Amino acid sequence: MNTERRRYRIVDDDTKSDAIATAVRCIEAGDSFTAACASVAKVLDVSETAVRGWVNASGLRPQPSLEVVRRLELELAAATELNRRREARLGVGGQRAGSAK
């Protein structure tokens, strides 16, 4: 176990603004929020939590549109229904009753 404590560093406001803008740009380009913040954090040698906090506090974090959310909800519902039907037909383990593994 590493007993060395993380050293915190002070990040000036201009650097925070640049970090927020970079993370937002990455998210808009298709990265997940987590991946974008992790990338920025690594470059700045700060915690991912700090960058996530800066982006969230800025109010600039891109949010998915209602259309995207609805489409994803429909996809999830379809996958759930398919799994329910498969489990009903094959059993929870995916094997037909009485079949050998």
Checklist outcome for this item: Per the list (1) open to solvent by less than 40 Å² (accessible area, probe 1.4 Å); (2) at pLDDT below 95, residue check on T3 breaks on (1)
Checklist outcome for this item: Counting only residues that are without any contact (Cβ under 8 Å) to a residue 24 or more places away in the chain and surrounded by 15 or more Cβ atoms within 10 Å (Cβ to Cβ), segment 49-72 contains a total of 1
Item to check | Sole residue being at pLDDT 95 or above, over 11 Å from A19 (Cα atoms) and hydrophobic (A, V, I, L, M, F, W, C), chosen from A36, A41, A79, A88 | outcome: A79
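The values are calculated or read from the model by the stated rules, or taken from the named source; none is laboratory data. Note that the coordinates shown come from a computational prediction; the quantities given were computed from them, not determined experimentally. With ideal geometry, Cβ positions are generated from the backbone for all residues, glycine too; neighbour counts draw on all protein chains shown. Ligands, DNA and RNA are excluded from the accessible area calculation, which covers all protein heavy atoms including side chains. Shrake-Rupley method; radii C 1.70, N 1.55, O 1.52, S 1.80 Å.
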